[in-house]
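The values are calculated or read from the model by the stated rules, or taken from the named source; none is laboratory data. Values in this document were obtained by computation on a predicted structure and should not be read as measured data. Cβ placement follows ideal geometry from the backbone for every residue including glycine, while neighbour counts extend to all protein chains displayed. These accessible areas exclude ligands, DNA and RNA; they are computed on the full protein's heavy atoms, side chains included. Shrake-Rupley method; radii C 1.70, N 1.55, O 1.52, S 1.80 Å.
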Amino acid sequence: MKPAADRLAQLLGHFLPGPLPVRLRAWDDSQAGPPDAPLVVLRSPDALRRLVWQPGELGLAEAYVTGDLDVEGDLADALSQAGRNVRDRPSARPGPAGMAAATALAVRLGVVGPPPKRPDGRARLTGGLHSVSRDRAGISHHYDLSNDFYALLLDESMAYSCAYWTRPDDPAYTLADAQRDKLDLICRKLGLGPGDRLLDVGCGWGSLTVHAAREHKARVTAVTLSRSQHEFVTARAVREGVADLVDVQLRHWRDIDDGGYDAAAAVEMGEHVGDAEYPAFAAKLHDALRPEGRLLIQQMSRGAHAPGGGAFIEAYIAPDMHMRPVGRTVDLLETAGLETRSVESLREHYTTTIDAWRSTLEQRWSDVEDLVGTTTARVWRLYLAGASLAFAERRMGVDQILAVRPTREGASAMPATPTAWYVPATAS
């Protein structure tokens, strides 16, 4: 009988002419494909059966997270190389004879059959898109996975957002240093000083909230929809001695009912707002600020012709997430009455940040598996590898947008140049 890998190569050849983009090792230990291509291990026919029932990205992802399919070596490198191997190659749609031959091969390989059981961890949201209850469920799916899990993955600041790498070539410079530099850059752009009121929308585990209160003596209102984050930040403010400066609120951004803030920030929270809802979000931030108050949005974007998150991220990581090109976000902020003063791309910084998280995930793999299980650990390995590539290859970006609410007469109270924002980082 012909080895399974040869028959797999023959089957794939009906849909992807030319050399295989990867090297295959089948469940009978046979191999086929270029020796210098990434090695993909198919542990059972279920790996391809998942693609029969769910073609495309999501079927491949579920084959990986269940362990039916595996990749030897660094996952991001393998995905990148395989992507380059197929990017400029046309796919084929077999005619009737080719389809019949492919079907016969699939039957002999055991690929044809009932759908395999889906892995655990898929988001199941109900209710109207971006209703308060659905938003709360979506946020809970991602952020309430486990505070202990995020403590394993992140640095001690618990900043789950793109860092700012001012000395990326210095081996003594760590992710914690880069996150500190990001937090302080935000505070300098916002011009925070003692007694200033800061609204931190989507506060996460309190990295910006605590930094602004501790280092700049700002009075911070921190808003989150996640119950576990609310409890964590409340306890953290006490633990770090800034409870008198921090008010943590469990509420939706629509329910922010105070105004007169000197500054507001939304660090990688706007992606969860939704497309149709973003104008109201921008208006809410405008109204929360006093005249001459500043707003800092750090937000992921997508390329003009890129899809953004994709089916796997929507299903397993961040349901209902929406990204747009950065220029469209700027338009929405300006339409709300804000004036954009600075847009700074951090795209390459995010690749470096995610790669630091990936390194930590692998170093602590056994602890992660013990805490959340092998399937969830593999979901995160795939998610972080894909995200690193998306930023490296410019399919996704992330930007800091600084805006101000000008007075009726047009005054902004902004500095003449941004020099002071960067001098401390340069000097360090």
Subject >> Which numbered condition THR407 misses (of (1) hydroxyl-bearing (Ser, Thr, Tyr); (2) open to solvent by 70 Å² or more (accessible area, probe 1.4 Å); (3) over 27 Å from SER146 (Cα atoms)) >> reply: (2)
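ALA265 - would you say it is surrounded by fewer than 17 Cβ atoms within 10 Å (Cβ to Cβ) and either among the hydrophobic types (A, V, I, L, M, F, W, C) or assigned to a strand (DSSP E or B) (or both)?
Here the answer is no, as ALA265 does not meet what is asked.
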**OP:** Examine segment 13-36 for a residue that is in a helix (DSSP H, G or I) and modelled with pLDDT of 90 or more, and state whether such a residue exists.
**Re:** no
Original post:
Which of (1) at pLDDT below 95; (2) surrounded by 21 or more Cβ atoms within 10 Å (Cβ to Cβ) is the odd one out, the single condition THR426 does not satisfy?
Top reply: (2)
**OP:** Return only the number of the condition from (1) touching a residue at least 24 places away in the same chain (Cβ under 8 Å); (2) hydrophobic (A, V, I, L, M, F, W, C); (3) open to solvent by less than 70 Å² (accessible area, probe 1.4 Å) that LEU371 does not satisfy.
**Re:** (3)
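Select from segment 356-368 the residues that are open to solvent by 60 Å² or more (accessible area, probe 1.4 Å) and touching a residue at least 60 places away in the same chain (Cβ under 8 Å) and write down the one among them that is farthest from PRO168 (Cα to Cα).
At the first step, the residues of segment 356-368 found to be open to solvent by 60 Å² or more (accessible area, probe 1.4 Å) are 362-364, 366-367.
With the extra rule that they be touching a residue at least 60 places away in the same chain (Cβ under 8 Å), the set shrinks to 364, 367.
Values: ARG364: 23, ASP367: 28 Å.
Only one residue tops the list, namely ASP367.
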Original post:
Does segment 109-132 include one or more residues that are at pLDDT 85 or above, in a helix (DSSP H, G or I) and open to solvent by 70 Å² or more (accessible area, probe 1.4 Å)?
Top reply: no
Subject >> All positions within segment 69-95 that are open to solvent by 70 Å² or more (accessible area, probe 1.4 Å) and modelled with pLDDT under 85 >> reply: ARG87, ASP88, PRO90, SER91, ARG93
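Select, from ARG188, ARG180, the only residue that is in contact with a Ser or Thr (Cβ under 8 Å, 6 or more places away or on another chain), more than 30 Å from LYS2 (Cα to Cα) and touching a residue at least 12 places away in the same chain (Cβ under 8 Å). Even if it seems obvious, please write down each step before you answer.
Details: ARG188 fails: in contact with a Ser or Thr (Cβ under 8 Å, 6 or more places away or on another chain).
Going through ARG188, ARG180 in turn, the sole match is ARG180.
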Original post:
Quick one: LEU361 ticks every box in (1) in contact with a helix residue (DSSP H, G or I) (Cβ under 9 Å, 6 or more places away or on another chain); (2) at positive phi; (3) of a type outside the set (Ser, Thr, Tyr) bar one, so which box is it?
Top reply: (2)
Subject >> Hits in segment 37-59 (condition: surrounded by fewer than 17 Cβ atoms within 10 Å (Cβ to Cβ), touching a Gly at 6+ places or on another chain (Cβ under 7 Å) and in a loop (DSSP other than H, G, I, E, B)) >> reply: ARG43
Original post:
Of all residues in segment 385-404, which are outside any strand (DSSP E or B), among the hydrophobic types (A, V, I, L, M, F, W, C) and crowded, with 21+ Cβ neighbours inside 10 Å?
Top reply: ALA385, ALA387, ALA390, PHE391
Original post:
Scanning segment 283-325 for residues that are at positive phi and modelled with pLDDT under 95, which turns out farthest from the chain's Cα centre (by Cα)?
Top reply: ASP320
Original post:
Can you list the strands (runs of 3 or more DSSP E) found entirely within segment 135-253 that contain at least 1 residues being open to solvent by 40 Å² or more (accessible area, probe 1.4 Å) and touching an Asp or Glu at 6+ places or on another chain (Cβ under 6 Å)?
Top reply: 197-201
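Of all residues in segment 14-36, which are open to solvent by less than 40 Å² (accessible area, probe 1.4 Å) and within 16 Å of VAL111 (Cα to Cα)?
At the first step, the residues of segment 14-36 found to be open to solvent by less than 40 Å² (accessible area, probe 1.4 Å) are 20-22, 24, 26, 30, 32-34.
Residues satisfying the conditions are LEU24, ALA26.
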